[in-house]
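Below is one structure, written out as structure tokens, with a few remarks after it.
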Amino acid sequence: MEPILSIHNLEYRRGDFTLAVEEQTFLKGRIYCLTGPNGAGKSTLLHLLALLLEPDRGEILFEGTVLEGSAQRQRLRQRITLVEQAPYLFDTTVYDNLAFGLRLRDVGSDLQRRRIARALQTVGLDGFESRRARTLSGGEIRRVALARAMVLRPGVLLLDEPTDGLDRRILPLFEGCLTALSAKGVTVIVATHDADQPGRLGGEILRLDGGRPASPAGGGVPALANEPTEKSS
């Protein structure tokens, strides 16, 4: 199976920090969990994969094509969506927040309404269309941000600590959305500090430490250490 995303000799430097990954592939419809301590480079890698940062060296390929030129990168950003650790919502209604990206993609109003209603129902916020975004709780904001990503139907969904501080009662619903997206062919890449989350998601563990791939024991290895997990019951 051809990977949807692949990394070759990637290096990104900022100040004293360097992220360096020689080889890594991400297959369609799989879940990958980026783990490692604070400052390991997880968020940086997500921003590179989201095409929001450009590497100083090496290549990122999307479906086998090297990403070159601003026009191509801008086009592919419509197929790769990043949900930040602290998602930003516009000070409008929930509906308008979800509709924003669809309007940029010239999705018609009838299809907008159907996609938005379906996404909000999926994340347990059915009927929230008219709610003002700034009145929502932290957990509701995260679920709206996930719904906003879902309506765009990306090929790759990147999430930075999406469940950190989330109400434990909501956690199964939120994680269930991610596994459902994976089952539909979306590649999901999650940065997490939750040691049990990879097992619950059935994801492959990709470990980083100090900007470098790390083995389970913390030793360096040539590429990210893919460690498949069994999904927890």
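The values are calculated or read from the model by the stated rules, or taken from the named source; none is laboratory data. It should be emphasised that the depicted structure is a prediction, and the values quoted were computed from it without experimental measurement. Cβ sites come from the backbone with ideal geometry, for glycine too, and all protein chains shown count toward neighbours. Accessible surface areas use protein heavy atoms only, side chains included; no ligands, DNA or RNA. Shrake-Rupley method; radii C 1.70, N 1.55, O 1.52, S 1.80 Å.
Values computed for the structure shown
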quantity	calculated
Single match in LEU146, LEU206, LEU159 (criterion: surrounded by 18 or more Cβ atoms within 10 Å (Cβ to Cβ), over 14 Å from ALA40 (Cβ atoms), modelled with pLDDT of 95 or more and not assigned by the TED database to the domain that holds GLN112)	LEU159
Count of residues meeting criterion [open to solvent by 10 Å² or more (accessible area, probe 1.4 Å) and more than 14 Å from PHE174 (Cβ to Cβ)] in the range 122-143	10
Search result, residues across the range 133-169 that are more than 15 Å from ARG118 (Cβ to Cβ) and among the basic types (Lys, Arg)	ARG134, ARG142, ARG168, ARG169
Residues satisfying the stated conditions in the range 193-203, i.e. open to solvent by 10 Å² or more (accessible area, probe 1.4 Å) and under 17 Å from the mean Cα position of the chain (by Cα)	HIS193, ASP194, ARG200, GLY202
Complete set of residues in the range 50-79 that are modelled with pLDDT of 75 or more, among the basic types (Lys, Arg) and under 17 Å from SER6 (Cβ atoms)	ARG57, ARG79
Any hit, the range 175-184, residues being within 21 Å of VAL94 (Cα to Cα) and part of a loop (DSSP other than H, G, I, E, B)	no
ASP126 assigned to a loop (DSSP other than H, G, I, E, B), more than 17 Å from the chain's Cα centre (by Cα) and at positive phi	no
Filter pass, LEU51 being without any contact (Cβ under 8 Å) to a residue 40 or more places away in the chain and within 30 Å of LEU136 (Cα to Cα)	yes
Any hit, the range 60-80, residues being of a type outside the set (Lys, Arg) and under 25 Å from LEU136 (Cβ atoms)	no
Count of the range 109-163 residues which are over 10 Å from VAL83 (Cα atoms), in contact with a Pro (Cβ under 8 Å, 6 or more places away or on another chain) and basic (Lys, Arg)	0
Lone qualifier among ARG114, ARG105, ARG77 - being within 30 Å of ASP126 (Cα to Cα) and under 19 Å from the mean Cα position of the chain (by Cα)	ARG77
